[in-house]
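Take a look at the structure set out below.
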Amino acid sequence: MNDVIERNVRTRLSRVIDPELGKSITDLGMITGIDVAPRDVIDSGRSIVDVTVKVELTVEGCPLTQTIIDKINEAVTSYPAATLIPHIDVGSMSQEKLTGLVNDLKAQRKENPFTKPGSKTRIFAIASGKGGVGKSSVTANLAATFAALGYSTAAIDADIYGFSLPALFGTHDHPTNLKGMLMPVTAWGVKLISIGMFAGADRAILWRGPRLQRSLEQFLSDVWWGEPDVLLLDLAPGTGDMAISVAQALPNAELVVVTTPQPSASDVAVRAGLVALQVPMTVRGVIENMSYYEHNGEKLRIFGEGGGRRVSEQLTASLKHDVPLLGTLPLEPEVRIDGEAGRPVVLNEDGTLADTPLASEFVSIAKQLMAK
């Protein structure tokens with residue numbers, strides 16, 4: 001019986017995925033032993049068996065240790081033919097074993113994984129012509145929406161000068177360094193990387209040209225992303241070096257332009273979209289933010305109206321393909337309040353989607369983006 005239980009438990013553990021590496025904990029060599037010890041008692045006709053699972057994590061004090069332990073417990077206790085009592089013996093890999101694992105992973109992905117043939121990841125670069133239109137909050141809430149809808153989601157804070165995603169997701173964690181390969185930080189179900197997560201990021205950054213492009217390449221190739229369904233990039237405002245770097249590094253990226261209603265913002269937003277005439281990038285659509293403020297049932301157009309539609313129509317005419325207006329987002333104080341508290345406003349405190357008109361609008365935008 002012991003051999004049968006051990007084989008069954010090992011099979012069940014093979015379905016437990018390391019949340020950082022995106023691979024089975026058995027394939028990663030994290031399970032080093034399974035000891036089965038039946039007790040001399042029967043409970044309701046079922047044998048009671050102690051099962052000790054020996055686990056070696058990649059690094060000591062891994063921030064997701066409890067998540068992995070919970071999944072192992074669930075896998076063991078789901079055995080149908082007996083009552084298994086799990087005991088988890090947690091250790092960490094030797095430096096030699098960890099080096100071998102990292103080398104194997106790097107060999108599988110020696111370059112930017114998102115441009116390889118067969119990559120399933122949809123990449124959306126969120127852009128704006130000018131600052132102050134809420135581009136980063138749109139990116140954060142859109143990423144959180146994708147994750148809550150069940151998509152494996154990643155986000156890169158490509159706004160090297162004005163990084164804000166860590167604060168919007170409420171994380172102060174640093175990426176785990178596995179022998180030169182970085183594990184992105186996970187917050188609200190989204191894998192994140194930002195220059196703001198590294199030491200000295202509070203100092204002024206004046207990167208341009210090759211060095212700026214190299215920062216993006218490192219975020220793409222030196223971070224272990226796995227195979228996310230969706231990758232969002234929060235670009236710096238304008239049409240500068242980073243937009244060109246994204247187009248060069250990720251020619252399969254689709255541009256989403258964020259604007260506010262007034263002409264001073266929408267006219268500049270058009271220029272952000274027209275970067276697609278210079279680089280190989282498809283403009284996927286337009287999002288109008290701060291469209292109105294609802295007060296006593298009346299929609300107050302504080303910043304005017306029609307900016308998103310103007311951007312959509314002008315880009316459609318200039319680019320010779322349909323650039324739809326994907327959605328109009330209201331101006332709500334909760335966006336700022338929840339954002340400053342470190343929780344995307346589209347989510348409840350338990351991480352599920354909020355039952356609000358704003359969350360519904362983000363769901364609609366996410367579904368449109370994934371529709372084709």
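Quick notes
For (1) in contact with a helix residue (DSSP H, G or I) (Cβ under 8 Å, 6 or more places away or on another chain); (2) in a helix (DSSP H, G or I); (3) closer than 29 Å to VAL223 by Cα; (4) of a type outside the set (Lys, Arg), each residue gets a yes or a no:
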residue: ILE5; (1), (2), (3), (4): no, yes, no, yes
residue: PRO38; (1), (2), (3), (4): yes, no, no, yes
residue: CYS62; (1), (2), (3), (4): yes, no, yes, yes
residue: ILE72; (1), (2), (3), (4): yes, yes, yes, yes
residue: TYR79; (1), (2), (3), (4): yes, no, no, yes
residue: GLU96; (1), (2), (3), (4): no, yes, yes, yes
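- Residue match in segment 277-286 (condition: open to solvent by 60 Å² or more (accessible area, probe 1.4 Å) and over 26 Å from the mean Cα position of the chain (by Cα)): yes
- Residue count, segment 318-342 (criterion: more than 21 Å from THR260 (Cβ to Cβ) and open to solvent by 50 Å² or more (accessible area, probe 1.4 Å)): 4
- Annotation note: of VAL16, VAL55, VAL4, the sole residue that is closer than 30 Å to LEU192 by Cα and either open to solvent by 60 Å² or more (accessible area, probe 1.4 Å) or within 24 Å of the chain's Cα centre (by Cα) (or both) is VAL16.
- Scanning segment 143-163 turns up no residue that is assigned to a helix (DSSP H, G or I), surrounded by fewer than 24 Cβ atoms within 10 Å (Cβ to Cβ) and among the aliphatic types (A, V, I, L, M).
- Residues within segment 81-94 that are outside any loop (DSSP other than H, G, I, E, B), more than 14 Å from VAL59 (Cβ to Cβ) and of a type outside the set (Asp, Glu), tallied: 6
- Among the residues of segment 343-362, those that are in contact with a strand residue (DSSP E or B) (Cβ under 8 Å, 6 or more places away or on another chain) and part of a loop (DSSP other than H, G, I, E, B) comprise VAL346, ALA354.
- Taking each residue of segment 121-149 that is free of Cβ contacts under 8 Å to residues at least 40 places away in the same chain and looking for partners that are charged (D, E, K, R) with beta-carbon atoms closer than 8 Å, six or more apart or interchain, yields nothing.
- Only residues that are assigned to a helix (DSSP H, G or I) and open to solvent by 70 Å² or more (accessible area, probe 1.4 Å) were counted across segment 98-140, and they come to 4.
- Positions within segment 7-36 being of a type in the set (Lys, Arg), part of a helix (DSSP H, G or I) and touching a residue at least 40 places away in the same chain (Cβ under 8 Å), in sequence order: ARG12
- Of the residues examined, ILE68 is one that is assigned to a helix (DSSP H, G or I) and over 29 Å from PRO261 (Cα atoms).
The values are calculated or read from the model by the stated rules, or taken from the named source; none is laboratory data. Please read these numbers as outputs of a predicted model, since none were measured by experiment. Neighbour counts are summed over all protein chains in view; Cβ atoms, including those assigned to glycine, are modelled from backbone coordinates with ideal geometry. Ligands, DNA and RNA are excluded from the accessible area calculation, which covers all protein heavy atoms including side chains. Shrake-Rupley method; radii C 1.70, N 1.55, O 1.52, S 1.80 Å.
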